[in-house]
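Trainee: Take a look at the following structure, please.
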Amino acid sequence: MNRRFRMGPLAAAAALAVLTLTACGGSTDASDDADGAGSAFVYEDARGKTVEIDGTPETIVAQASAAAALWDNGLEVDGVYGDLPDTENYLIGNLDVSQTKVLGKAFGEFNVEEYAAMNPDLLIDMTFDKKTLWYAAEVEKQVEKLAPTIGMPLTGLSVTEQIEAFNKLATDLGAKPEVDDAKAEFDDAVARIKAAVKKNPDLTVLAVSSYGEEIYFANAPEHPDLAYLAELGVKFPKVTPDEQGIFEPVSLENIGKYHADLLLVDARDTGGLAELEKKDIFKRLPAVAGGQQDLWYPAAPYSYQAYAKIFSGYADQLEAAQVLEQG
């Protein structure tokens, strides 16, 4: 199976022009053709590993959020694995699962036999620790025997750096991303956020995840969307993360440890916010009592298409929120 590139009107017109020139006797160098024949694909990933492949990789498999980011940049992968809910979900963005081979639909699921049968050229995943792959960690040694792997950074960079990294990766793999409109929408949302911060500079935002009776306070600098919001002037409390540096875990009874005027709750657990809203200790938080709670969208596909929508939502919340008295 060969990957497919999606072309917009301008790219399609350019391709037609090339075909016309070729028909009239023109020629192109082998290293410049659409498939990158005659050239090498070289990429250093977040783990410090350098991937070198003769020519441009053809059969590509990717973890769901990575696949969705590449998809928005014009590169349709051949196989996908990861969190693939049956209903529409922000984690997979515009990824059309019906157009690619599914090797696993949840964390820890990866069909190595079917992957091997695809004769893959490249696997793309994310990495939390810059040492191992994220979703393919349990089968990493097996899949690396079948094809090179790339680990894209999941944390430690701002969202714009992440978006540009996937844009470049898609381009290096032969795609022609068309993101001008999406970038303009993203830039508009950014301008709104800057204006909201200027109007209300003391507003404090806290992002949390929940699991059972545990709460996880997000360490903003390690989460790309929050890190970029901080660059734009949004205030986040300085939390005390665990050894991984991503979250500070506490029991539910300590959910009020940090003051928040606007509270954002992890959207990966689709019922997480609704369940918290049933609990009295949550209802008493100043942000919740003031109706200033909403969803946070970590690990969304790193593309302007995805984050234009997400940051527009953050702008809505920041524009509507007010500084609250500390409880």
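The values are calculated or read from the model by the stated rules, or taken from the named source; none is laboratory data. These numbers were taken from a predicted model, which means no experiment stands behind them. Cβ sites come from the backbone with ideal geometry, for glycine too, and all protein chains shown count toward neighbours. Keep in mind that these areas ignore ligands, DNA and RNA; they rest on the heavy atoms of the full protein, side chains included. Shrake-Rupley method; radii C 1.70, N 1.55, O 1.52, S 1.80 Å.
Trainee: If you fit an axis through the alpha-carbon atoms of helix 159-172 and take the longest principal axis of the Cα set of the chain, what angle between them do you get, 0 to 90°, nearest 10?
Mentor: 10 degrees
Trainee: While we're looking at this one, here's another question. Against the 2.2 N^0.38 Å scaling, with N counting residues, where does the stretch 200-270 land? I'd like the Cα-based Rg ratio to two decimal places. Display every interim value, and only then the final one.
Mentor: Values: Rg = 11.7 Å, N = 71, 2.2 N^0.38 = 11.1 Å.
Working it through for the stretch 200-270, the quotient is 1.05.
Trainee: Efficiency by 1/(1 + (r/R0)^6): what FRET value for Lys238 and Ala106, r their Cβ-Cβ distance, R0 = 35 Å, to the nearest 0.05?
Mentor: 0.55
Trainee: Still on this structure, I have one more. Return the single residue from Ala184, Ala315, Ala64 with maximal mean-square fluctuation; model: Gaussian network over the chain, springs between Cα atoms under 10 Å.
Mentor: Comparing Ala184, Ala315, Ala64 in the GNM, the peak value goes to Ala184.
Trainee: I've got another one for you. Fully extended, how many nm does the chain gain between Glu52 and Ala289 (0.36 nm per residue separation, minus their Cα-Cα distance)?
Mentor: Net length gain for the segment: 79.8 nm.
Trainee: Name the residue, out of Asp125, Asp86, Asp181, whose mean-square fluctuation peaks in a Gaussian network model built on the chain with Cα pairs under 10 Å.
Mentor: Asp86
Trainee: Pairs Lys198/Lys279; Lys257/Lys309; Lys49/Lys105; Lys198/Lys238; Lys131/Lys238; Lys49/Lys145: which are spaced more than 23 Å apart, C-alpha to C-alpha?
Mentor: Lys198/Lys279; Lys257/Lys309; Lys49/Lys105; Lys131/Lys238
Trainee: In a Gaussian network model over the chain where Cα atoms closer than 10 Å are linked, find which of Leu203, Leu95, Leu70 has the largest mean-square fluctuation.
Mentor: Leu203
Trainee: Would you please give the residues with an amide H less than 5 Å from that of Val51, counting only those at least 5 places away or on a separate chain, with H modeled from the backbone geometry?
Mentor: Tyr43, Glu44, Asp45
Trainee: If you don't mind, another one. Among the trypsin sites (Lys or Arg not before Pro) within the stretch 132-206, which fall in a DSSP loop and have no more than 10 other Cβ atoms within 10 Å of their own Cβ?
Mentor: When the trypsin sites (Lys or Arg not before Pro) of the stretch 132-206 are filtered for loop state and at most 10 Cβ neighbours within 10 Å, Lys145 remain.
Trainee: Using only Cα atoms, find the angle between the long axis of helix 9-23 and the longest principal axis of the chain, and express it within 0 to 90 degrees, rounded to the nearest 10.
Mentor: Its long axis makes an angle of about 10 degrees.
Trainee: Which shape class, rounded, prolate or oblate, goes with the stretch 127-197 when its Cα gyration tensor gives a ≥ b ≥ c as root eigenvalues, a/c under 1.5 marks rounded, and past that a/b bigger than b/c marks prolate?
Mentor: Working: a/c = 4.33, a/b = 1.84, b/c = 2.35.
Here the stretch 127-197 falls in the oblate category.
Trainee: Suppose a student asked you for the relative contact order of the chain, using Cα pairs under 8 Å spaced at least 6 residues apart; what percent would you report?
Mentor: RCO, the chain: 17 percent.
Trainee: Counting heavy atoms of the protein chains only and a 1.4 Å probe, report the per residue accessible area for the chain as a whole number of Å².
Mentor: Accessible area per residue, the chain: 48 Å².
Trainee: Which ³J(HN,Hα) values, rounded to whole Hz and listed in residue order, are derived for the stretch 308-318 from phi using the Karplus coefficients 6.51, -1.76 and 1.60 in 6.51 cos²θ - 1.76 cosθ + 1.60 with θ = phi - 60°, glycine and proline given as x?
Mentor: With coefficients 6.51, -1.76 and 1.60, one gets 4, 5, 5, 6, 5, x, 4, 4, 4, 5, 5 Hz.
Trainee: Could I ask something else about it? For the chain, what % of the accessible area comes from carbon and sulfur atoms, probe 1.4 Å?
Mentor: Percent of accessible area from carbon and sulfur atoms in the chain: 50.
Trainee: In addition: Among DSSP bridges having both ends in the stretch 183-327, what percentage is antiparallel? Round to the nearest 5.
Mentor: 50 percent
Trainee: Sticking with this one: Treating only the Cβ of Lys, Arg, Asp and Glu as charged (+1, +1, -1, -1), what charge dipole size does the stretch 249-327 show about its Cα centre? Round to the nearest 20 debye.
Mentor: Numbers: 7 positive and 11 negative charges, 27 e Å.
Roughly 120 debye, rounded to the nearest 20.
Trainee: For the stretch 220-327, how big is the tail of P(r) above 21 Å, as a whole percent of Cα pairs?
Mentor: Value for the stretch 220-327 (Cα pairs over 21 Å): 37 percent.
Trainee: Another question, if that's okay. Nearest 5 is fine: what % of DSSP beta bridges in the chain come out antiparallel, could you say?
Mentor: Antiparallel bridges: around 40 percent, rounded to the nearest 5.
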